[in-house]
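**Student:** Take a look at this one; I'll ask things after.
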Amino acid sequence: LRLFCSYAVGKNSLTFFNNKRYTNKVAREYDNLAAKLQSEIISWLKINLVYVIKTKPGPGTPVGCPDVVGLYHDKWVGIEVKASSTARFQPGQRETLQRLKKGNEFIYIATPETWPQIKADLIANFL
């Protein structure tokens, strides 16, 4: 069953789809965008001689653990990768990142928009 709802707005009309194929396609695009960004982050960290651990959700991984953890001398960085600034967090994820940030200044939520600034901060203060 597909529901199509249309609303007239001035001269334009907006169409909202409640369509499983459409939402799955959007979800895949977001996943691909996040995966590309994560790959770029991991490559950049490795080029800068940071030991990188990519975490995967599942048994044995704490709730809210950052996607990428990097170790460099006596410092560590945690980076949660999101496809956009409006991407949703899993339950408990924000709280865990906030707790980690209390003990370590190098905890970031990376999006394509924020990654250049995070990179500059890491160059200035982490490496």
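**Student:** Identify, please: which residue in segment 48-86 is hydroxyl-bearing (Ser, Thr, Tyr) and under 17 Å from PHE126 (Cβ atoms) and is, among those, nearest to the chain's Cα centre (by Cα)? Spell out the reasoning first.
**Tutor:** Residues of segment 48-86 that are hydroxyl-bearing (Ser, Thr, Tyr), as a first pass: 51, 55, 61, 72, 84-86.
Checking which are under 17 Å from PHE126 (Cβ atoms) leaves us with 51, 72.
Working: TYR51: 20, TYR72: 21 Å.
Applying the filter and picking the extreme gives TYR51.
**Student:** To continue, here is another question. When segment 10-34 is examined, which residues are found to be of a type in the set (Gly, Ala, Ser) and either at pLDDT below 75 or open to solvent by 90 Å² or more (accessible area, probe 1.4 Å) (or both)?
**Tutor:** GLY10, SER13, ALA27
**Student:** Oh, and also: I need a count of the residues in segment 47-84 that are basic (Lys, Arg) and farther than 17 Å from LYS36 by Cα. Working first, answer last.
**Tutor:** Just the residues of segment 47-84 that are basic (Lys, Arg), to begin with: 54, 56, 75, 82.
Of the ones still in play, those that are also farther than 17 Å from LYS36 by Cα are 75.
Adding up the residues that qualify gives 1.
**Student:** Here's something else I'd like to know. Kindly provide the set of residues from segment 57-78 that are of a type in the set (Gly, Ala, Ser) and modelled with pLDDT under 95, ordered by number.
**Tutor:** GLY58, GLY60, GLY64
**Student:** One residue is enough: does segment 35-46 have a residue meeting the conditions of a type in the set (Val, Ile, Thr) and open to solvent by less than 50 Å² (accessible area, probe 1.4 Å)?
**Tutor:** The answer is yes; a qualifying residue exists.
**Student:** Okay, next question. Condition first: of a type in the set (Asp, Glu), more than 15 Å from the chain's Cα centre (by Cα) and modelled with pLDDT of 95 or more. Now tell me which residues in segment 96-127 satisfy that.
**Tutor:** Going residue by residue through segment 96-127, those that are of a type in the set (Asp, Glu) are 105, 113, 121.
Of the ones still in play, those that are also more than 15 Å from the chain's Cα centre (by Cα) are 105, 121.
The answer is ASP121, and nothing else.
**Student:** Scan segment 114-127 residue by residue and report those that are over 19 Å from LEU71 (Cβ atoms) and either touching a residue at least 24 places away in the same chain (Cβ under 8 Å) or open to solvent by 100 Å² or more (accessible area, probe 1.4 Å) (or both).
**Tutor:** Once the filter is applied, which keeps residues that are over 19 Å from LEU71 (Cβ atoms) and either touching a residue at least 24 places away in the same chain (Cβ under 8 Å) or open to solvent by 100 Å² or more (accessible area, probe 1.4 Å) (or both), segment 114-127 yields THR114, TRP115, GLN117.
**Student:** Something else about it: Just the residues that are surrounded by fewer than 16 Cβ atoms within 10 Å (Cβ to Cβ) and under 20 Å from CYS65 (Cβ atoms), please, taken from segment 94-113.
**Tutor:** Across segment 94-113, the qualifying residues are ARG94, GLU95, GLN98, ARG99, LYS101, LYS102, GLY103, ASN104, GLU105.
**Student:** Answer with yes or no whether GLN90 is loosely packed, with under 12 Cβ neighbours inside 10 Å, over 10 Å from the mean Cα position of the chain (by Cα) and in a helix (DSSP H, G or I).
**Tutor:** no
The values are calculated or read from the model by the stated rules, or taken from the named source; none is laboratory data. It should be emphasised that the depicted structure is a prediction, and the values quoted were computed from it without experimental measurement. Note that each Cβ is placed from the backbone with ideal geometry, even for glycine, and that neighbours are counted across all protein chains shown. Heads up: the accessible areas ignore ligands, DNA and RNA and are worked out on the full protein's heavy atoms, side chains in. Shrake-Rupley method; radii C 1.70, N 1.55, O 1.52, S 1.80 Å.
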